[in-house]
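Right, one structure below, let's go through it.
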Amino acid sequence: MKVVVCIKQVPDTKGGVKFNPDGTLDRGAMLAIMNPDDKAGLEAALRLKDQYGAHVTVLTMGLPKAADVLREALAMGADDAVLVTDRVLGGADTWATSTTLAGALRNMEYDMIITGRQAIDGDTAQVGPQIAEHLGIPVISYAQEIKLDGNKVTVKRQYDDRYHMVEAKLPCLITALSELNDPRYMTPGGIFDAVKADITTWGRADLKDVEDGNLGLNGSPTKIAKASDKVRKGAGEKFVPESPEEAVDIIVGKLKEKHVI
Ligand SMILES: Cc1cc2nc3c(=O)[nH]c(=O)nc-3n(C[C@H](O)[C@H](O)[C@H](O)COP(=O)(O)OP(=O)(O)OC[C@H]3O[C@@H](n4cnc5c(N)ncnc54)[C@H](O)[C@@H]3O)c2cc1C
């Protein structure tokens, strides 16, 4: 069984988000990490390897330095890694990103593709389902549990405060939640091997059945006009009303003061 996991290198936004003057993310000024949902997706694939002997490949599209997250994945136990990097792919929105990843996946063997539910920088949760659409395979999103039975997969899918049990035939695409599991750590031996490991590096020419008009900034219907960090409001006003009536008076007074009513 062959599993391909799409992992994205993202800025660690826990330390605060830094922007360039033009409103784009200043990725150089922030620590780059493996997207948390993708790490859980990778762990799910490694458990299929432990249980069923699955072969695990990790795939990323990004700048050459995105190879760092591929080496981390190899050190966790992935079997091999593919980096798709090319200037013409830069500035991609989700449509162009999923088109690129689907173009790479058409040149790979897979019974199951795992992506994260969403990346912590773009936060759109669009790429996974878009890849499945490009490849014409079923998608099960928000996986909390994955069970395999021959060429059928059963997924416990998170849905608000409950869950669905969803079945699909392979090949299919599953989007993973970081709540899915506790990813294993890299092993010293794994790190040693990962540092030396060959990473397959592909460019635009290695993408199958994609048109230039759907790649990179030019192929992106969505352009980010400006991105900014949320403005932190000061602490709110505190009131201790003596009675419910007084509470109503205070609220109505505030709403009038702010011309809401
Ligand atoms: C602040 C901000 C807002 C944005 N808003 C939009 C928008 O509204 N519409 C739009 O089209 N684009 C938007 N973008 C651009 C978008 O982030 C990029 O296109 C990005 O490559 C993919 O979208 P995402 O980060 O939302 O990923 P998601 O769709 O959230 O990612 C889901 C999963 O897909 C996989 N994946 C995503 N990117 C890669 C990759 N490069 N390599 C391997 N696997 C990957 C991962 O498994 C990931 O967990 C925005 C970017 C930023 C920084």
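The values are calculated or read from the model by the stated rules, or taken from the named source; none is laboratory data. Fair warning: this is a prediction, and the values are worked out from it, not measured in the lab. Cβ coordinates were reconstructed from backbone atoms using ideal geometry, including for glycine residues, and neighbour counts include every protein chain displayed. To get the accessible areas, we keep the full protein, side chains included, count just its heavy atoms, and leave off ligands, DNA and RNA. Shrake-Rupley method; radii C 1.70, N 1.55, O 1.52, S 1.80 Å.
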If you average the alpha carbon positions of segment 160-190 and of segment 223-253, how far apart do those two centres end up, in angstrom?
38
Convex hull volume of the chain per residue (C-alpha atoms, cubic angstrom):
191
Residue order for His259, His134 - accessible surface, 1.4 angstrom probe, largest first:
His259, His134
In whole angstrom, the spacing between the Cα centers of segment 24-51 and segment 77-110 equals 15
Tell me, what ³J(HN,Hα) does each residue in segment 207-222 have, in order and in whole Hz, if you take phi through Karplus 6.51 cos²θ - 1.76 cosθ + 1.60 with θ = phi - 60° and put x for Gly and Pro?
8, 9, 6, 10, 9, 4, x, 10, 10, x, 4, 5, x, 9, x, 9
Go from 0 up to the bin containing the longest alpha carbon distance in segment 1-102, width 5 Å each, and give me the % of pairs per bin.
2, 12, 21, 22, 19, 12, 6, 3, 1, 0
Tell me, which longest segment in the chain has none of the GluC sites (Glu not before Pro) that fall in DSSP loops with at most 15 further Cβ atoms within 10 Å?
1-108
Residue range of the chain that is longest and free of trypsin sites (Lys or Arg not before Pro) which are both DSSP loop and sparsely packed (at most 10 other C-beta within 10 Å):
1-222
One would report the antiparallel percent of DSSP beta bridges in the chain, rounded to the nearest 5, as 45
Relative contact order for segment 2-214: what is it in percent, counting Cα pairs under 8 Å that are at least 6 residues apart?
27
In whole Å, what is the distance between the alpha-carbon centres of segment 127-149 and segment 198-213?
22
Could you size up the charge dipole of segment 2-214 around its Cα centre, putting +1 on the beta carbon of Lys and Arg and -1 on that of Asp and Glu, and report it in debye to the nearest 20?
260
